[in-house]
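Inspection log for the structure reproduced underneath, given as structure tokens.
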Amino acid sequence: MPWLQRSITLRARPRGFHLITDEVEAELSELERFGVGVAHVFIQHTSASLTLNENASPEVRGDFERFMREAVPDGAPYFRHTLEGPDDMPAHIKASLMGSSVTIPVRDGRLALGTWQGLYLCEHRDSGGPRRLVVTVWGEHDD
Amino acid sequence: MPWLQRSITLRARPRGFHLITDEVEAELSELERFGVGVAHVFIQHTSASLTLNENASPEVRGDFERFMREAVPDGAPYFRHTLEGPDDMPAHIKASLMGSSVTIPVRDGRLALGTWQGLYLCEHRDSGGPRRLVVTVWGEHDD
Amino acid sequence: MPWLQRSITLRARPRGFHLITDEVEAELSELERFGVGVAHVFIQHTSASLTLNENASPEVRGDFERFMREAVPDGAPYFRHTLEGPDDMPAHIKASLMGSSVTIPVRDGRLALGTWQGLYLCEHRDSGGPRRLVVTVWGEHDD
């Protein structure tokens, strides 16, 4: 069975939710050979995360950040892991709420995303730096 | 390696959490041939989601909806993506909190769910309409 | 394609977030033969969950528990599924927020985790008892 596994380094981005579908797909030109399969996108960090959501309006991504700041407040009084700054512990929690990977079906050589679905990098630190992904695709090639 | 990939359209359901295990399994009769494998259930939308949870009490599913309405309130004052109605932006956030797919081991021709686990469609819109799933199963057939 | 599928029973742990990476890896000695692949760790319960997060500071895991108690309060007045105790319904909700499985790339015979990533058992019940995992690994062996 054919396998494709690739590391991708994303440039540093500001805290917030960032659409990265095109950037990841650009690294996966062999995807077009897969008639059926699955793609797994994984982030090797604990203060940034991945999710699928609306790929059109920047306001949606802004509202994600506004909601998450309310839901997991910087510097909440009950946090004890505070040495790395007020945004550190909230970043860990947000990372687990969103998740460290997304798994997407592959069909006819493409990610079988819905019309409005895009891949988000969720950067939960104020200065998270570059982020490493590992993308793995497995399936069957068209012949 | 055998693959099974199928699109399933779920009928429109009201906002809330709905048990759909039987409906999805009914579309996967070939599952019984897989001695070992994995099943991936994916929703092609950004305002509905999938999760595994308790398959018995309807009150649990009602409490999920009651909790989510508290946690991500309709019409929160900091939302800017409001053109599509007060339930739209919360639906996007809930979809990412719950997740767009579940991945379940397959063993001896069946989903290896725990006794109390069932598959939920989480409908976060008031009128979300029909929802499309893509189910992918890969593994080894028993011989 | 080689497959590895194994059930693991975790001993009962107190409510909270517990690092179990070493315990799970110890059950997967054959992992070293996989040059490329994917590992899926699944929990067969609806009141405990799995996530990847920071593998160093116990304070991080304590803060996860403190946050989750705030976010999904025991005995919230709008819960109706209360027969099994004030920690039961919150446990179900937390389980879905964290998720029932993690999926990790395998590379060169090892889980391709980031430096700081570890696997957490998230025990959401006061007395959850032992917990069953199903670990599935698929991929290609090195030759």
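Could you work out, for the protein assembly as shown, what percent of all Cα-Cα pairs fall into each 20 Å distance bin, beginning at 0 Å and stopping at the bin that holds the largest distance?
28, 63, 9
Rounded to a whole number of µm²/s, how large is the Stokes-Einstein D of segment B:1-124 at 37 °C and 0.692 mPa s, given Rh as the Kirkwood radius over C-alpha pairs?
Working: Rh = 15.7 Å.
For these conditions, the coefficient is 209 µm²/s.
What net charge do the residues around C:Ala56 carry, taking every other residue with its C-beta under 15 Å from that of C:Ala56, with Lys and Arg at +1 and Asp and Glu at -1? Could you put the intermediate results ahead of the total?
Working: positive: A:Arg80, C:Arg61; negative: A:Glu84, A:Asp88, C:Asp22, C:Glu54, C:Glu59, C:Asp63.
Net of charged neighbours comes to -4.
Once the label point is set 7 Å along the Cα-to-beta-carbon vector, what list of distances in nm do you get between C:Ser127 and its counterparts in the other copies?
Copy-to-copy label distances for C:Ser127: 5.0, 5.0 nm.
If I build a Gaussian network model for chain A, linking alpha-carbon pairs within less than 10 angstrom, which residue out of A:Arg13, A:Arg132, A:Arg66 has the largest mean-square fluctuation?
Between A:Arg13, A:Arg132, A:Arg66, it is A:Arg66 that shows the largest mean-square fluctuation.
Near B:Glu25, within a Cβ-to-Cβ distance under 13 Å, what is the net charge of the other residues, with Lys and Arg +1 and Asp and Glu -1?
Values: positive: B:Arg6, B:Arg110; negative: B:Asp22, B:Glu23, B:Glu27, B:Glu30, B:Glu32.
So the surrounding residues net to -3.
Shielding of C:45-51 by partners, i.e. mean partner chain Cβ atoms within 10 Å per residue? Intermediate values should be presented prior to the final figure.
Numbers: counts 7, 13, 3, 0, 2, 1, 8.
Averaged over the peptide's residues, the number is 5.
What does the buried accessible surface come to for B and C, summed over both chains, with the probe at 1.4 Å? Round to 100 Å². Before the final figure, lay out the partial values.
Working: alone 7980 and 7990 Å², together 13360 Å².
Protein heavy atoms only, the B-C interface buries about 2600 Å².
If I build a Gaussian network model for chain B, linking alpha-carbon pairs within less than 10 angstrom, which residue out of B:Phe67, B:Phe17, B:Phe34 has the largest mean-square fluctuation?
Its mean-square fluctuation being the largest, the pick is B:Phe67.
Please give me the summed charge of the neighbours of A:Arg15: other residues whose Cβ is under 14 Å from its Cβ, Lys and Arg +1, Asp and Glu -1. Show your work: numbers first, answer last.
On the way: positive: A:Arg13, A:Arg61, A:Arg66, A:Arg69, A:Lys94, A:Arg125, A:Arg131; negative: A:Glu65, A:Asp74, A:Asp87, A:Asp88, A:Glu123, A:Asp126.
Once all neighbours under 14 Å are counted, the net charge is +1.
Please give the charge dipole size of chain C, origin at the Cα centre, charges +1 on K and R Cβ atoms and -1 on D and E Cβ atoms. Round to the nearest 20 debye.
On the way: 15 positive and 21 negative charges, 89 e Å.
In debye, rounded to 20, chain C gives about 420.
Round to the nearest 0.05 the FRET efficiency obtained for B:Arg69 and C:Asp74 when R0 = 25 Å and r is the Cβ-Cβ distance.
Details: r = 19 Å, r/R0 = 0.75.
Given R0 = 25 Å and the Cβ-Cβ separation, E is 0.85.
Between the helical axis of C:88-98 and the dominant principal axis of chain C, each derived from Cα atoms, what acute angle in degrees is found, rounded to the nearest 10?
So the helix axis and the longest Cα principal axis differ by about 40 degrees.
Go ahead and set up a Gaussian network model of chain C, Cα springs under 10 Å, then flag whichever of C:Arg69, C:Arg107, C:Arg11 fluctuates most.
Looking only at C:Arg69, C:Arg107, C:Arg11, the largest GNM fluctuation is found for C:Arg11.
Relative to the longest principal axis of the C-alpha atoms of chain C, give the angle of the C-alpha long axis of helix C:58-71, reported between 0 and 90° and rounded to the nearest 10°.
Long axis of C:58-71 versus the principal axis of chain C: about 40 degrees.
Once the Cβ-Cβ distance between B:Met1 and B:Glu59 is put in as r, and R0 is 41 Å, what FRET efficiency do you end up with, to the nearest 0.05?
On the way: r = 42 Å, r/R0 = 1.02.
Using R0 = 41 Å, I get an efficiency of 0.45.
What distance in nm separates the simple spin-label points at A:Ala26 and C:Glu32, each placed 7 Å from Cα in the Cβ direction?
In this crude spin-label approximation the distance works out to 4.1 nm.
Got a sec? Charge dipole of chain C, +1 on Cβ for Lys and Arg, -1 for Asp and Glu; which of C:Ala12, C:Gly35, C:Pro86 is way out at the positive end?
Of C:Ala12, C:Gly35, C:Pro86, it is C:Pro86.
Peptide A:69-78: average number of partner chain Cβ atoms within 10 Å per residue?
Numbers: counts 1, 4, 6, 3, 2, 0, 0, 4, 1, 7.
Counting Cβ atoms of other protein chains within 10 Å of each residue's Cβ and averaging gives 3.
Return a whole-number percent for the relative contact order of segment B:43-111, with Cα pairs under 8 Å and 6 or more residues apart as the contact set.
Values: 59 pairs, mean separation 35.2, N = 69.
RCO, segment B:43-111: 51 percent.
With +1 on the Cβ of every Lys and Arg and -1 on the Cβ of every Asp and Glu, and nothing else charged, how large is the dipole of segment B:34-81 about its Cα centre, in debye rounded to the nearest 20?
On the way: 4 positive and 6 negative charges, 42 e Å.
Dipole size: approximately 200 debye.
Principal axis extents for segment C:1-52, Cα atoms only, whole Å, descending order, please.
Ordered largest first, segment C:1-52 gives principal extents of 38, 20, 19 Å.
Name the residues of segment A:125-143 whose accessible area falls by at least 10 Å² when all protein chains are present instead of the chain alone, probe 1.4 Å?
A:Arg132, A:Val134, A:Thr136, A:Trp138, A:Glu140
Within 10 Å of each Cβ in B:7-18, how many Cβ atoms from other chains are there, averaged over the peptide? Intermediate results must be reported in sequence, preceding the final value.
Numbers: counts 3, 0, 0, 0, 0, 0, 0, 0, 0, 0, 1, 0.
For this peptide, the per-residue mean of nearby foreign Cβ atoms is 0.
Roughly how many whole Å is it from the C-alpha centroid of segment C:107-128 to that of segment C:18-95?
Taking the Cα centre of each part, segment C:107-128 and segment C:18-95 sit 9 Å apart.
Only helical DSSP H runs with n ≥ 4 go in: add -39500 (n - 2.57) per run for chain A, normalise by residue count and round the 222 nm mean residue ellipticity to 500 deg cm²/dmol.
-6000 deg cm²/dmol
The values are calculated or read from the model by the stated rules, or taken from the named source; none is laboratory data. Not measured: the values here are computed from a predicted model. Every residue, glycine as well, gets a Cβ built from its backbone with ideal geometry; the counts of neighbours run over all protein chains shown. Keep in mind that these areas ignore ligands, DNA and RNA; they rest on the heavy atoms of the full protein, side chains included. Shrake-Rupley method; radii C 1.70, N 1.55, O 1.52, S 1.80 Å.
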